[in-house]
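Everything on this sheet refers to the single structure shown next.
The numbers here are math on the coordinates, done by the rules we state, and not lab data. Please read these numbers as outputs of a predicted model, since none were measured by experiment. With ideal geometry, Cβ positions are generated from the backbone for all residues, glycine too; neighbour counts draw on all protein chains shown.
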Amino acid sequence: MNLLLETHGSIAHLIFDRKDSSANIFDKDTLVELNQLLDAIPKSSTLTALIVYSKKANIFIAGADLKTLSTAKKDDLNELITLGQSVFNKLENLHITTIAAIHGACVGGGYELALACDYRVASDDAATRIGLPETQLGILPAWGGSTRLPALIGLSKALPLVLSGKILKAKAAKHKGLIDDICPKEHLLEFAESFTNRPKRQLPVHLLEHNPLTVALIRKQASDSLYKKTRGLYPALNKSIDVLCDSVRVSLNESLQNEKNAIQELSTSSEAKQLMRLFFASEKAKKLKLDGPQPPTLTQCAVIGSGVMGSGISYWLATRKRSVILKDINDDALAAGMKNIEKTLHTSEKKRILTATQSRAALDRITPTTHALPLLDREIVIEAATENLALKKKIFEQLSELMSPDTILATNTSALPISELSDHISHPERLVGIHFFNPVPMMKLVEVVNTPKTSKQTLAAAILFVQQIGKLPVVVQDSPGFVVNRILVPYLIRAAQLFADGIAPEQIDNAMLNFGMPMGPLRLLDEVGLDVAHHVAQTLSHAFPDHITIPTLFDELLEQGVLGKKSGEGFYIHNQGATQPNPNIQPGSSPSLSSQEIQDQLVILMSREAARCLDENIAESAADIDFAMVMGTGYAPFRGGPLRHATDTQILDRNFY
Ligand code: NAD
C-alpha cells in the first residue's frame, strides 16, 4: 500500500506514503492504486472536497520511477503513460473540489498530479521544490504536464519552465502561478482546508496569448533562441516547443496523444539514455559512501589563500553554515578576497538565492586573517594558495605544526602531485585533495583525490564533507591533473596548436560548439587565463612528455602579456562582454581543415586521454571519468562523456563499458 484514503466529515484525504521508502514516486502499482482509490471516493453529495498530500518528511511526490522509465520497453512505456494520463484525467474530472497540499519535492509526475487538481497550496519550507525537470532527462512531461501547465499559466510562461526544467522554491512557484498560495509548513493542511469550499476551478482563457498569431510568434522565438543555445542537439527541447505550442489550440485528448507520441519517440533516443545515465551517476555521487564507520561532520574550517578559489570556497562553506578562518599573506590579498565574497553574496541576494539575513550570517561566519592564528579547533583545512609546489610544501609544513593531529589537510591544487606534500607533514594519512572547480558556486563537481598515504577514514570524511556542502564527489587517484584537467588541458592546448597552424579561432570554437561543448576551447582558454592553463599544461607535459607538448605560441603570448579575458585580449579581444577575434595575434598559414576534421581531432584526443586515465586506474570506472568530464567541463552531456562517446562511435576501436 502506497496510498491511503480517509474521510473527515465532508472532506476526503488522499495521502501518499510509499511503503518502506523515504520518498513517494509514481510507478505502475502506485498509479493502479490511485486509480482504485479515486473510484472509491463516494459519489455522495455530502462530500465536497479532496485534499491530496504526503506523509513523508521532505517529499510530496518525487516524480515517475526513473529506473522503470529508463528501461521500459515500447509497449510498457505506452501502458505507463496511458495509465498516468487516464488516472490524472480521472482526478481532474472528480465532481468535488480538489486541492494539492504540497510540502517537499513536487517534481515531474508529482507536479503533474498537482496540476490535475483544482488548487495547489504549498509550504514555504526550503524543502518545497516545484517544477517539471523532464527535459533535463531528454524526455518531456507526458502525464498532462505539457498540456495543463500552459493552460494554467499561459504558453509564454510555461515554455521557458519546461525548456529549462527549472525547479522552483515555493515563493517563486507562486510568483509564476504554478501554485495558488503558500503558508508555513505547520499550517499546510488547515490552509488547504480553507480552499475546500471554493468551486471547481475554471481555467483562465489567455485569449490574446493563445491566439494563433501570438502562438506562432512564441514558437518562432523559442525555436530561434533554442537553436542559438543548443544547435538543435537536444531533440526533447524541440519536441517540447511543438507539444506545448500545439497544446493551446487542440483538445485535451489530442494534446495528451501528442505528449504520448513525443515521449515514445524521445525515450528511446540516445540523448535520453545518456542524460538518464548522468542523472543516476549524480544520484550515486550523492550517496557514495566507503565501508567503515560513519565519518564525522566537519563544521570548523580554514581556507588558506583568498584568491579566486579560496574566496569562492569560503563563500560556499559559509553559506553552508560552516565556520571559516580565511588566511592570506597580506592585507591587500585578503581584502580582495573578502570583496569577492561580498560581491558573490550580494549577487546571490539579488538572485534570491539567499535572503539578506542569510547573507549577513554567512559573512559573519568568515574570519579573515593574515596572522598565524592557532588552528587547533579546525576540523578541516583547505589550502588554495598559489599553484607552486615549493610554496605548498612550506604551507603544509607550517600547517602541520598549527593543527591538531586529527585535522584533515586538503589541497585544492589543480594538477600538482599531492603525494609530494606528504613528506612535509607529521600525519600524511590526513592529507587528501579536495579539488573544486571554478567558479565554485556554479560547479557541482569536486574531485576527491586519494594519495597512497591517505587513510580510508580521511577519504571517507572528505567524501562526506563534499556531499554535506552540496557538491558531487568523484574519487580519483593522485596523478598530475587528476581526471578533469588531465583530459581538458591537452584538448585546450591542441586547439591552440590548431590556431597556431593557421585555423581561425571562430572555426575551431564553432566546430566544438557543434559537437555540443558549452564553450569553444579558445574562448575557454581566454576565460581560464592563458597563464593558468599554461601552468597546468607545464605540469602535464612534464609528467607525460610523450604525448603532451605545449605550443610555442603560449610563450610568445605570455611574454606580450596576452593572458585572455583578464588582460582584455587573448585569442579574442574582450570588450565589455563583446568578443571578436584578436587581430593582433596572427594564426600560422598551414593548409586549412574542415570543421569536421577539427572536431574529430579534438574529440578523439579527449577520448584517448580519458582511456589513459582508465588504464592507469586514476578513476574507478569509465562511468566516473565520463561523469567527471560532463560535470567538471560541460562535455556534451547528451553524448555521455568521452569514454561513452568512444564506445558508441568506436573511434578508439574499444569498448569502455
Ligand atoms: P590566485 O592566484 O587567485 O590566489 C592565490 C592566493 O594565495 C593569493 O591571494 C595569494 O596571496 C595567496 N597566497 C600565496 N601564498 C600564500 C601563503 N603562504 N599563505 C596564504 N595565502 C597565500 O589562485 P587561485 O586561482 O585561487 O588558485 C588557488 C589554487 O587553486 C591553486 O592551487 C590552483 O591551481 C587551484 N585551482 C585553481 C582554479 C582556477 O580556475 N583558478 C581551479 C581549481 C583549482
Discussion item. To make sure I understand the rule: partners must be aspartates and glutamates, Cα under 19 Å from the Cα of K289, and not fewer than 8 residues away in the same chain. Which ones qualify?
Written reply: E429, E447, E620, D624
Worksheet item: What shape does the stretch 334-431 take by its C-alpha gyration tensor, where a ≥ b ≥ c are the square roots of the eigenvalues and a/c under 1.5 counts as rounded, a/b above b/c as prolate, and the rest as oblate?
Response: prolate
Worksheet item: Say the dipole of the chain comes from +1 at the beta carbon of Lys and Arg and -1 at that of Asp and Glu; which of Q538, G177, P428 then lies farthest toward its positive end?
Response: G177
Discussion item. Let's see if you can work this out: charge +1 on each Lys and Arg Cβ, -1 on each Asp and Glu Cβ, no other charges. What is the dipole magnitude of the stretch 174-240 about its Cα centre, in debye to the nearest 20?
Written reply: 540
Discussion item. Using the Cα centre of the chain as the reference point, and only Cβ charges (+1 on K/R, -1 on D/E), how large is the resulting charge dipole? Debye, rounded to the nearest 20.
Written reply: 1660
Worksheet item: When the chain is fully extended, how far beyond the present Cα-Cα distance does K566 get from E342, taking 0.36 nm per residue of separation?
Response: 78.6 nm
Worksheet item: Counting other C-beta atoms within 10 Å, which of I130, I218 has the fewest, and how do the rest follow?
Response: I218, I130
Worksheet entry | Pairwise centroid distance, computed over Cα atoms, of the stretch 466-521 with the stretch 129-160, Å | 33
Worksheet item: By counting other Cβ atoms within 10 Å of each Cβ, how are L37, L256 ranked from fewest to most?
Response: L37, L256
Worksheet entry | Rel. contact order, % - alpha carbon contacts under 8 angstrom, at least six apart, the chain | 9
Practice prompt. Kindly state, to the nearest 0.05, the FRET efficiency for S223 paired with F279, given R0 = 25 Å and r defined as their beta-carbon distance.
Written response: 0.45
Practice prompt. Assign one of three labels to the stretch 69-152, namely rounded, prolate or oblate, based on the Cα gyration tensor with a ≥ b ≥ c the square roots of its eigenvalues; rounded applies when a/c is under 1.5, prolate when it is not and a/b is larger than b/c, and oblate otherwise.
Written response: oblate
Worksheet item: What nm value, rounded to one decimal, do you get for the distance between T552 and N58 when each label is placed 7 Å out toward the C-beta?
Response: 5.8
Discussion item. Please compute the length gained on full extension between T369 and S86, using 0.36 nm multiplied by the number of residues separating them and subtracting their Cα-Cα distance.
Written reply: 95.6 nm
Item to complete: Identify, among I325, N388, A372, the residue whose Cα sits farthest towards the positive end of the charge dipole of the stretch 300-477, taking +1 on the Cβ of Lys and Arg and -1 on the Cβ of Asp and Glu, with the dipole about the Cα centre.
Response: I325
Worksheet item: Under 15 Å from a point 7 Å along the Cα-to-Cβ line of E265: which residues of the stretch 239-255 have their amide N that close?
Response: 239-247, 255
Worksheet entry | Charge dipole magnitude, Cβ of K and R +1, D and E -1 - the stretch 74-170, Cα centre, debye nearest 20 | 300
Discussion item. Please compute the modelled spin-label separation between L376 and Q468, points set 7 Å along Cα→Cβ, answer in nm with one decimal.
Written reply: 2.2
Discussion item. Can you tell me how the stretch 209-284 classifies by the Cα gyration tensor, rounded, prolate or oblate, using a/c under 1.5 as the rounded cut?
Written reply: oblate
Worksheet item: Order of 344-353, 81-90 by packing, highest average Cβ count within 10 Å first?
Response: 81-90, 344-353
Discussion item. As I understand it, the dipole of the chain uses +1 on the Cβ of Lys and Arg and -1 on the Cβ of Asp and Glu, about the Cα centre. Which of A410, L593, L498 lies farthest toward its positive end?
Written reply: A410
Item to complete: Using Cα pairs closer than 8 Å and at least 6 residues apart in sequence, work out the relative contact order for the stretch 404-516, in percent.
Response: 23
Worksheet item: How many angstrom separate the Cα center of the stretch 421-440 from the Cα center of the stretch 261-303?
Response: 24
Worksheet entry | Per-peptide average of other Cβ atoms within 10 Å, ordering 232-243, 397-408, 576-587 highest first | 232-243, 397-408, 576-587
Worksheet item: So which of K74/K287; K174/K228; K67/K166 end up more than 26 Å apart, counting from Cα to Cα?
Response: K74/K287; K174/K228
Worksheet item: What FRET efficiency do you get for S455 and L213 if R0 is 60 Å and r is their Cβ-Cβ distance, rounded to the nearest 0.05?
Response: 0.35
Practice prompt. Tell me the label-point distance for the pair N655, E620, using the 7 Å Cα-to-Cβ offset, in nm and rounded to one decimal.
Written response: 2.3
Discussion item. So if each residue of separation counts as 0.36 nm, and I subtract the Cα-Cα distance between V205 and A578, what length gain in nm does that give?
Written reply: 130.1 nm
Worksheet item: Reachable lysines from K169, Cα under 22 Å, same-chain residues fewer than 8 places away excluded?
Response: K55, K56, K157, K185, K286, K321, K350, K351, K444, K471
Practice prompt. For an R0 of 25 angstrom, estimate the FRET efficiency from the Cβ-Cβ distance between R612 and R320 and round to the nearest 0.05.
Written response: 0.10
